Structures are given as C-alpha cells and as structure tokens.
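Below you'll find the structure, written out as structure tokens, and then a few comments.
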Amino acid sequence: MSRRSVLAGAAAAPLAVGALTAPAAAAAATTTAGGRYLIGVGIADVTGPAAEYGMMGYSMPQQQTAGIHQRTRARAYVVADATGRRIVYVNADLGALFQSVHQGVLARLAGHYGDLYTERNVLLNATHTHAGCGGSSWYAAYNLSILGFQRQAYDAQVDGIVEAIDQAHRTLAPGTITLGRGELTDASVNRSRTAFERNPRADKDHFPLSIDPAVTVLRFRQGGRDVGAIAWFATHGTSMTNANKLISGDNKGYAAYAWEHGQGTRYLDGDPAFVACFPQTNSGDMSPNLNLGPGSGPTENEFDNTRIIGERQFTAAKAAYDSATEPVTGELDFRFCYVDMSKVTVDGRYTPDGRRHTTATAAIGVSMLAGSTEDGPGLPLPEGVRNPFLDALAGMDAPIPQALADAQAPKVIAVPFGAMKPYPWAPEVLPLQILRLGQLYLVGGPAEYTIVAGLRIRRTIAAELGVPLENVIMQGYANAYSQYVTTPEEYDAQQYEGASTLFGRYTLPAYQQEFARLAAAMPSGTSVPHGPVPRDLSDDQLNFQPGVVVDSPPPLKRFGDVLTEARGGYRRGEQVRVEFVTGHPKNDLHRNGTFLEVQRLAEGTWVRHADDGDWATRYRWTRTFLAESTATVTWDIPASTPVGKYRIVHFGDAKGLDGTITPFTGTSRAFVVS
C-alpha cells in the first residue's frame, strides 16, 4: 500500500518523534476533501545569543545584542488531506530565512521523517524583524557585519524550526480551516514612492494609497476549538531602529504575542493553546515608520511604535478571523524547483518591451550602501574600522567587467556579489515554490518583493491557474534570501530597493516566467524538473566573532548577587528594576527557557508570572570590567497585574578558567504590588 493511501503517513516517521496516535490515524478515514483536514500547530524558540553578537537587518557592525525585550519564535502548521498529501508552513521571527537554514532544516526532517516532509511541501519564511541575531547565512554578504558565520545562531534557528514542526506533527488532529479577509491602512507607508510612481497606471490604480492594505487570515480549528491563525500583511519589521540592541520580534512579533497570550498560550508550559503568526507578503517597499523616518510614526518612541503597529495588525487580523466564514476546501498540492537566477533567458511575454532579455550576475548598486533612509540608513562598514572577516575574503573590491556593467544598467555597481571569489557573496541558485491549500495558493519567493512586483507575479499565476487574484498570496522571505525584487520601471529609479535587486533589470520578469512554469504544472498534475542543486558551504565558513574567555564576579561578590535591590512596594504602572552580578549569556542561550522570571506568591508557593518572552519585561546585559558583567531586569507592571507579593529571579551561567559552565540563580527581595 502506498503512503498516499493512508492519511496518517506515520509509518515513515520514527516513533521517537511522535507518529500519529491511533485516534488521529482512525480519523483519517473520515477526513475528506470537502473541508476537513488533519491540522497540527507548534511553536519553539529561535533566539540566538543575547549579548555581544551581531544583529541581522541593518548591517551595522556596532549593533550588537545587549539583552532581550522579547524572545523570537518559530511557528509551524502542518495540514494533511484525504489523499495523504501534507504541507508544512513555518513562519519564524528572523531577519531572513537563509538558504543555509533551509538546507539544515530539511536535512534534519529527512532524518526524522524520511520523505514525508521535503523541500517540495515544506515552506519556511521569516517575519523580517531587524532585531534578531545574524550570522546564520553561508554567504558573505549577510555575514559581513556579524564577522562571519555563527554556529550558535544557526543551531538555534534550525533546532527551533525543527522542534516547532515536530510539535505540529505530534498534535495533528481532525479539523477545519476557514478564510477571512480585511484591510489595514494605518500600519504601512510606501518608503519608495518615487520608484512606485514610475509603474504603469494599471498597476498603480490597484494600490490607490500606494500601499498594499490586504489582510488575509486562515483560521485553524480542531473539532470545536480554535488552535491557530496565519495573518498575512505587508509591512517591514523595522519599528525597532538600528540603535536598538535588545532582541525583539518587532511589530509582527508583538502581534503574535498579543494574540497568543489572549488565547492562553504560555511559551514555557508544553504544547501551546493557540499559535498565531504574522508573515510578510510583498513588503519590499512597505515601511511601518509612518513618518518616513527611523523610529518615527505613529510616535517618536520605537518601543511604542512596535507595540502600536503590532496591535493594529492584530486588531485587523482578529476582525478578519472572527468573520472568517469561507471554508477552505479541496486538495493540497505543491510544486518546487531551483533556478539559477543569474542565467535566466526571459521570454518577451514577461518583459516591458516584449523582447527577449536575460538576467545578470548578481551585483548591488551604490545607493544600496546608503540603506533605506526611511527605515535605517547606514553603510555595511563604518569608516576607518578593519573587518577581519572582510580582510580574509580579500576585501570587497573586485573588477567590474564592462559586460556586467551593461547588463546591470542603469545600476552603478558597487560590489559584484556574483563575481566574488572563491564563492559568490549571495546565492544565485534559488528555490521557487507554490503551495496549494484548497482554493488558496502561496507563492514562496526568496526575496523582498515590492507591492507592484508581487502584484505582477500574482497576476501571472492567477491567469495561469484560472483563479481569482485574491486567492494567490505572494509569500516573500521564503526558503532563502536574495535581497529585493523591483519592477523594471522601479529598477530604473535606482532607489535602495532597485539597487538591491541583484540580478538586474529583468529580475522580476524572470520570476514571473519561472513561477508561471510551476503554476502550469499544477492543473495537469505534471512534475517540474528539480533544477540545479544549491551549494552546501557548511564546511567553508569563517568566524571572527570573539567568544567567552572567562566570567568573574566583582571583589567580594558572587554570581547572582543583587547589586540594585527592588523596593518594598510598587503601584501598577510603575517599573521594578533589579541588577544582578551575572555571567555571559553566550554560555547558555536558555532557548525554550528564560533569563528571568517575575514570580508571584500564590498559596505559599512562588510561581512564574512573567519571563523574558513577555512584553512588560526587559533583560539587559552590560560588561562592566574585563570578565565582569551585570544583568539588569526591569518589569513595567501592567495595569491588569493582580495585587500581591512578587519577586524578580535571574537565571545565569558563568564560565570558569577551565571552561566549565556553571548555572546560578539570583533572587530579589519580595515586594508588594498594589
């Protein structure tokens, strides 16, 4: 009997990772293509090192982590239909979902599940927060400011994503999915209006406010219980500025936190009650900074902006969710291939002038180096500072052949990524994917697509499939990362987004053509060629980020000692601040754990009330002298906090001269909240 004839498909997966239970397997027989599926959800921690570690997004070497505002998470959804087909959808609070992580996750899934979950039916994507850890790519362009590849961050991301998928697999049960829609017009602004206005009137008329306001929501239920939601909306993860050094999921991380906590999910207590994620679509030119300045809009406080833009997404998503009455019905399907985007010959059907063109070897333009002035300007390297990782790569100067300059025109090339030796600085063999979930089609693309670029891809696929445009979602930041995709008209403006469109003026038409090829294979049930195999550069990585040598407490102090004590009492709305002697957070990431707890006394027992994944807490790490450091824990007491007795607890780890890492705990005095 083939696996497709059995919905559970669990025979391919070892029992150790949680094959379907007998009741779930039995329920497969009653699951039909008429609206019922097997559904599972999962969540896990992907937070990297919380101190002295390069952050991913703004490419600012001086933006090193110095604590945690909110932990970053991977959220997974597994859906199976009556034919035995499955799809896996993962959204992670990361700056980008690099191809290295994609390859690492798929290798782990193959070891766990055989061919049940593969590159064909697994879609991984990032929220694009700019306040997470970097260093997980195998390509130099994305590790320059982090001083190379960082194993701790890579492992945290791969492990967390796999754990989330394992949990979703383990919790599979019969359920239904419904589709909701809405609009949101006050959580984004077009940061590249000059380029947008170059597009034809038919494209601009689709976005009369020059933004993509679409909110598309899936509501997941098991039996009569809500278990999850996916809420797509286009806005950048840049509410937190490049001056911030606290790890955060940014506005989408806050939106997920608000929804999950409202549904009773606690991240450290086993299987979650509810999993909500807020993925991007075509957000390449969509900024949350409504005043078109870093950290500006709707207020001048980056933390308030993160919360407000997150709340607006949550509110719009919840309204669409509550009114989601359209059943998702029909089969699951998927198509996947790799394409060398530097060598695509594009048919005239997809080009503005109707003539055949080709893409080009990857290169960035001069205006890309300035960054986006609306979200966070900055050069890849500060003047006068040596970068040992860059030096090891023989610098960033490389000859620019005239043929490449002509192929990338009107871009003025700053760095020819694709011509660097011994390997290109960015991947050119890239994954393209379409997942079908009933009447909905998710187009997985490995880049940041502007709203018009996304619109053109969606129109191409909708026409190929003969489906409504609204049922095709552009899922950016998927399975790899290759910077931006603009329309040819936007490319000519050479704004930041156009200068970051790696493969030249005809990058978007190439994507349209290749996605159309995938879409055309779905109705006919035909397969598509796999395409070239991407590089595995796992054994060719350099790291110049310093590690932890040793930790030591100040004289006459021990690890965990309180340096700044809590007061005896506080009112709701006030802030508690406690400072501890600590060790380096790199000693133990406390992934799926916490560096702090706010504990409440309940019936004579101290119980956790909040931790470092909560919005109201902040954990800051400071090096005070050579091997000495402090941990400062703050708690902004919410208005809804129950009256009672509380205390602050810090969990840390210290590295000795012999390399031994020893955990310790510090505890504040008890205080009363009234």
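Restricting attention to segment 212-222, does a residue exist that is part of a strand (DSSP E or B), among the hydroxyl-bearing types (Ser, Thr, Tyr) and more than 17 Å from the chain's Cα centre (by Cα)? Taking every residue of segment 212-222 in turn, at least one turns out to be part of a strand (DSSP E or B), among the hydroxyl-bearing types (Ser, Thr, Tyr) and more than 17 Å from the chain's Cα centre (by Cα). Does PRO380 satisfy the criteria of being surrounded by 16 or more Cβ atoms within 10 Å (Cβ to Cβ), out of contact with any Gly (no Cβ under 8 Å at 6 or more places or on another chain), closer than 19 Å to ALA141 by Cα and modelled with pLDDT of 95 or more? Against the criterion (surrounded by 16 or more Cβ atoms within 10 Å (Cβ to Cβ), out of contact with any Gly (no Cβ under 8 Å at 6 or more places or on another chain), closer than 19 Å to ALA141 by Cα and modelled with pLDDT of 95 or more), PRO380 does not qualify.
The listed residues are ALA670, ALA627, and the only one of them that is under 34 Å from the mean Cα position of the chain (by Cα) and surrounded by fewer than 23 Cβ atoms within 10 Å (Cβ to Cβ) turns out to be ALA627.
Scanning segment 618-630 for residues that are farther than 24 Å from ALA156 by Cα and either aromatic (Phe, Trp, Tyr) or assigned to a loop (DSSP other than H, G, I, E, B) (or both) yields PHE625, LEU626, ALA627. Would you confirm whether or not segment 184-201 contains a residue that is surrounded by fewer than 19 Cβ atoms within 10 Å (Cβ to Cβ), assigned to a loop (DSSP other than H, G, I, E, B) and charged (D, E, K, R)? There is at least one residue in segment 184-201 that is surrounded by fewer than 19 Cβ atoms within 10 Å (Cβ to Cβ), assigned to a loop (DSSP other than H, G, I, E, B) and charged (D, E, K, R).
If you take the residues in segment 285-313 that are among the hydrophobic types (A, V, I, L, M, F, W, C) and farther than 22 Å from PHE207 by Cα, which one is surrounded by the fewest Cβ atoms within 10 Å (Cβ to Cβ)?
PHE303
If I filter segment 602-609 for residues that are within 28 Å of ALA255 (Cα to Cα) and among the charged types (D, E, K, R), do I get at least one hit? Scanning segment 602-609 turns up at least one residue that is within 28 Å of ALA255 (Cα to Cα) and among the charged types (D, E, K, R). Scanning segment 589-617 for residues that are more than 27 Å from PRO555 (Cα to Cα), assigned to a strand (DSSP E or B) and touching a residue at least 12 places away in the same chain (Cβ under 8 Å) yields VAL598, GLN599, ARG600, LEU601, ALA602, TRP606, ARG608, HIS609, ALA610, ASP611, THR617.
Would you mind stating whether GLN103 is closer than 26 Å to SER283 by Cα and touching a Lys or Arg at 6+ places or on another chain (Cβ under 9 Å)?
no
Only residues that are among the polar types (S, T, N, Q) and either free of Cβ contacts under 8 Å to residues at least 60 places away in the same chain or closer than 12 Å to VAL633 by Cβ (or both): list them for segment 562-588, please. Correct list: THR564, GLN575, THR582. For residues that are modelled with pLDDT under 80 and loosely packed, with under 13 Cβ neighbours inside 10 Å, scanning just segment 386-408, find the one that is nearest to ARG505 (Cα to Cα). Out of the qualifying residues, it is ASP397.
Is it the case, given these coordinates, that TYR267 is within 23 Å of ILE308 (Cα to Cα), among the aromatic types (Phe, Trp, Tyr) and modelled with pLDDT under 95? Taking the combined requirement at face value, the residue satisfies it.
In the list ILE661, ILE648, ILE637, which residue meets the criterion of being in contact with a helix residue (DSSP H, G or I) (Cβ under 7 Å, 6 or more places away or on another chain), of a type outside the set (Phe, Trp, Tyr), in contact (Cβ under 8 Å) with a residue 24 or more places away in the chain and surrounded by 14 or more Cβ atoms within 10 Å (Cβ to Cβ)? Answer to the check: ILE661. Quick check: anything in segment 247-259 at positive phi, touching a residue at least 12 places away in the same chain (Cβ under 8 Å) and assigned to a helix (DSSP H, G or I)? Within segment 247-259 (the criterion being at positive phi, touching a residue at least 12 places away in the same chain (Cβ under 8 Å) and assigned to a helix (DSSP H, G or I)), the answer is yes, since at least one residue qualifies. For segment 472-495, state whether one or more residues are acidic (Asp, Glu) and touching a Pro at 6+ places or on another chain (Cβ under 9 Å). Taking every residue of segment 472-495 in turn, at least one turns out to be acidic (Asp, Glu) and touching a Pro at 6+ places or on another chain (Cβ under 9 Å). Among the residues making up segment 445-473, those that are within 14 Å of ALA510 (Cα to Cα), within 25 Å of the chain's Cα centre (by Cα) and not in a loop (DSSP other than H, G, I, E, B) are TYR449, ALA453, GLY454, ARG456, ILE457, ARG458, ILE461. Taking first residues from segment 417-433 that are farther than 22 Å from GLN513 by Cβ and partners that are basic (Lys, Arg), the Cβ contacts under 8 Å between residues at least 6 apart in sequence or on separate chains come to TYR423/ARG535.
Could you say which residue among GLY67, GLY54, GLY104, GLY40 is at positive phi and modelled with pLDDT of 95 or more? Reasoning before the result, please.
Numbers: GLY54 fails: at positive phi; GLY104 fails: at positive phi; GLY40 fails: at positive phi.
Result of the check over GLY67, GLY54, GLY104, GLY40: GLY67.
Listed here are the helices (runs of 4 or more DSSP H) enclosed by segment 474-549 that have at least 2 residues being acidic (Asp, Glu) and at pLDDT 95 or above: 488-493. GLN494 satisfies every condition listed in (1) of a type outside the set (A, V, I, L, M, F, W, C); (2) buried (at least 24 other Cβ atoms within 10 Å of the Cβ); (3) on the phi > 0 side of the Ramachandran plot except (2). Scanning segment 279-326 for residues being under 27 Å from ASN199 (Cβ atoms), in contact with a strand residue (DSSP E or B) (Cβ under 6 Å, 6 or more places away or on another chain) and outside any loop (DSSP other than H, G, I, E, B) gives a total of 2. Among residues of segment 550-561 that are closer than 15 Å to ASP588 by Cβ and in contact (Cβ under 8 Å) with a residue 24 or more places away in the chain, those with a Cβ under 7 angstrom from a residue that is among the β-branched types (Val, Ile, Thr) and surrounded by fewer than 18 Cβ atoms within 10 Å (Cβ to Cβ), sequence gap 6+ or separate chain, pair up as GLY560/THR665.
Candidates ILE177, ILE230: the one that is touching a Cys at 6+ places or on another chain (Cβ under 6 Å) and not polar (S, T, N, Q) is ILE230.
Of all the numbered requirements in (1) in contact with a helix residue (DSSP H, G or I) (Cβ under 7 Å, 6 or more places away or on another chain); (2) closer than 15 Å to THR281 by Cα, ASN471 misses one, and that requirement is (1). Taking the criterion of being within 28 Å of THR306 (Cα to Cα) and among the small types (Gly, Ala, Ser), the residues of segment 61-115 that qualify are ALA66, GLY67, ALA74, ALA76, ALA92, GLY95, ALA96.
Does THR129 satisfy the condition of being surrounded by 24 or more Cβ atoms within 10 Å (Cβ to Cβ) and among the polar types (S, T, N, Q)? Spelling it out, THR129 is indeed surrounded by 24 or more Cβ atoms within 10 Å (Cβ to Cβ) and among the polar types (S, T, N, Q).
Each residue in segment 67-124 was checked for being outside any loop (DSSP other than H, G, I, E, B), polar (S, T, N, Q) and crowded, with 24+ Cβ neighbours inside 10 Å, and 3 of them qualify.
Restricting attention to segment 149-183, which residues are aliphatic (A, V, I, L, M) and outside any helix (DSSP H, G or I)?
Those that are aliphatic (A, V, I, L, M) and outside any helix (DSSP H, G or I): LEU172, ALA173, ILE177, LEU179.
Number of residues in segment 656-674 that are part of a strand (DSSP E or B) and in contact with a Ser or Thr (Cβ under 8 Å, 6 or more places away or on another chain): the value is 2. Residue count for segment 258-281 satisfying the condition of being buried (at least 24 other Cβ atoms within 10 Å of the Cβ) and either among the hydroxyl-bearing types (Ser, Thr, Tyr) or touching an Asp or Glu at 6+ places or on another chain (Cβ under 6 Å) (or both): 2.
The values are calculated or read from the model by the stated rules, or taken from the named source; none is laboratory data. All values reported here derive from a predicted model rather than from experimental measurement. Neighbour counts run over all protein chains shown; Cβ positions are idealised from the backbone, glycine included.
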